[in-house]
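Visitor: Structure incoming, see below.
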Amino acid sequence: MPLPLLLFDCDGTLVDSEPLLAEEMAIGLNSVGLPFATTDYLGEFRGARFRRIVAELQQRYGDVDPDQLDRMETSMRAKLATRLAQELTTIPGARETLDILVSYPSAVVSNGPESKIHTALEATGLSQYFGKRFFSGYTANCWKPEPCLHLHAASIMGYAARDCIAIDDALVGVRAALQAGMTVIHLNRFPDAETTPENAIMISNMYQLPAVVERLTREYWQTPVPQHSIGG
């Protein structure tokens, strides 16, 4: 059988963008009167769509003028793009993992806009592994934790959900891929604070990923067909 399709999350799985993202979110949200600390993103909201975060904060602290929100988001994303291009690094072990698993079909599945995914992959040199094989919630009009973004990516790549392995550090992504019916590996870099959902496989760093993927491949995609004896 062919190798499974590997669907990688971007922020926090391949690239260490979340501290930068949390800082720019905090600056932008506080500027429009929505209290938000960097620890709020890294704790409660990690991996969530920006507008979902805004909606939750407005429920807690009151509505903000939509035009003001739009201007703030535009400014925030521009500043973030500049910082990503200049400061972004890969998650430890990500590049080594991609080198080992280079024979596997792969793609990136992210809640972020295409421009942000492209900037992150280009800035870190990871675009050589994925080319244009990245899928954005904004393009698919569907975001994690809903399963449709993963299913959209698998469909475009020509794979059934059962033949995909999703790798994600955020619980919203892990739950989305589980709901999609995929094999899921949770990169749990904060095991003391976060519990890996049932039916997902936990790793604590990216260096562990190749061995897990290769074991799963042997068990589920390269199982020898039983040879039935003739006669008897």
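The values are calculated or read from the model by the stated rules, or taken from the named source; none is laboratory data. Since the structure is predicted, the reported quantities are computational estimates derived from the model, not experimental observations. Cβ atoms come from the backbone with ideal geometry, glycine included; neighbour counts cover every protein chain shown. Accessible surface is based on the protein model in full, side chains and every heavy atom, while ligands, DNA and RNA are left aside. Shrake-Rupley method; radii C 1.70, N 1.55, O 1.52, S 1.80 Å.
Visitor: Over segment 145-222, what relative contact order in percent results from Cα pairs under 8 Å that are six or more residues apart? Can you show the working numbers first?
Guide: Numbers: 105 pairs, mean separation 18.4, N = 78.
So the answer I get is 24 percent.
Visitor: Considering Cα pairs under 8 angstrom that are at least six residues apart, work out the relative contact order of the chain and quote it in whole percent. It would help to have the intermediate numbers written out before the result.
Guide: On the way: 350 pairs, mean separation 56.2, N = 232.
Worked out over the chain, it gives 24 percent.
Visitor: Got a sec? What order do Arg215, Arg83 fall in by accessible area at 1.4 Å, biggest, i.e. largest, first?
Guide: Ranked from most to least accessible, the order is Arg215, Arg83.
Visitor: Let me ask another. Restricting to the chain, what percent of DSSP beta bridges are antiparallel, rounded to 5? Walk me through the intermediate numbers first.
Guide: Working: 1 of 19 bridges.
In the chain, DSSP labels about 5 percent of beta bridges as antiparallel.
Visitor: Calculate, for the chain, the solvent-accessible area per residue in square angstrom, rolling a 1.4 angstrom probe over the heavy atoms of the protein chains.
Guide: On the way: 11170 Å² over 232 residues.
That works out to 48 Å² per residue.
Visitor: What FRET efficiency comes out for Arg51 versus Glu198 if R0 is 30 angstrom and r is the Cβ-Cβ distance? Round to the nearest 0.05.
Guide: On the way: r = 29 Å, r/R0 = 0.97.
The value I calculate is 0.55.
Visitor: Report, largest value first, the span of the C-alpha coordinates of the chain along each principal axis, in whole Å.
Guide: The Cα atoms of the chain stretch 80, 35, 34 Å along their principal axes.
Visitor: I would also like to ask the following. How much net charge surrounds Pro147 when only other residues with a Cβ under 15 Å from its Cβ are counted (Lys, Arg +1; Asp, Glu -1)? Spell out each step's value before the answer.
Guide: Details: positive: Arg49, Lys144, Arg162, Arg175; negative: Asp9, Glu146, Asp168.
Summing Lys and Arg as +1 and Asp and Glu as -1 gives +1.
Visitor: Which is farthest toward the positive dipole end of the chain among Pro147, Gly158, Leu187, measuring Cα position about the Cα centre, with Cβ charges +1 (Lys, Arg) and -1 (Asp, Glu)?
Guide: Gly158
Visitor: Moving on. What is the sum of charges, Lys and Arg at +1 and Asp and Glu at -1, for the other residues whose Cβ falls under 15 Å from the Cβ of Arg83? Provide the component values of the computation, followed by the final result.
Guide: Details: positive: Arg77, Lys79, Lys116; negative: Asp11, Asp16, Glu18, Glu23, Glu24, Glu87, Glu122.
Around Arg83, the charge tally is -4.
Visitor: With charges set only on the Cβ (+1 for Lys and Arg, -1 for Asp and Glu), what does the dipole of the chain come to about its Cα centre, in debye to the nearest 20? Write down the numbers at each step before the final one.
Guide: Working: 19 positive and 28 negative charges, 108 e Å.
Charge dipole, the chain, about its Cα centre: 520 debye, nearest 20.
Visitor: Evaluate the charge dipole of segment 2-76 about its Cα centre and quote only its size in Debye, nearest 20, assuming +1 on the Cβ of each Lys and Arg and -1 on the Cβ of each Asp and Glu.
Guide: I would put it at about 180 debye.
Visitor: On to the next question. Give me the dipole magnitude in Debye, nearest 20, for segment 6-141 about the Cα centre, with unit charges on the beta carbon: positive for Lys and Arg, negative for Asp and Glu.
Guide: Numbers: 13 positive and 19 negative charges, 58 e Å.
It comes to approximately 280 debye.
Visitor: Next question. What does the net charge come to around Val109 if you take all other residues with beta carbon closer than 13 Å to its beta carbon, with K and R at +1 and D and E at -1? Intermediate values should be presented prior to the final figure.
Guide: Values: positive: Arg133, Lys144; negative: Asp9, Asp11, Glu114, Glu146, Asp168, Asp169.
Summing Lys and Arg as +1 and Asp and Glu as -1 gives -4.
Visitor: Give the relative contact order (percent, whole number) for segment 1-70; include only Cα pairs under 8 Å separated by 6+ residues. Don't skip to the answer; put the middle values down first.
Guide: Numbers: 36 pairs, mean separation 17.4, N = 70.
Averaging sequence separation for qualifying contacts and normalising by length gives 25 percent for segment 1-70.
Visitor: Expressed as a whole percentage, what fraction of the accessible surface of segment 1-150 belongs to carbon and sulfur atoms when a 1.4 Å probe is rolled over the protein heavy atoms?
Guide: 51
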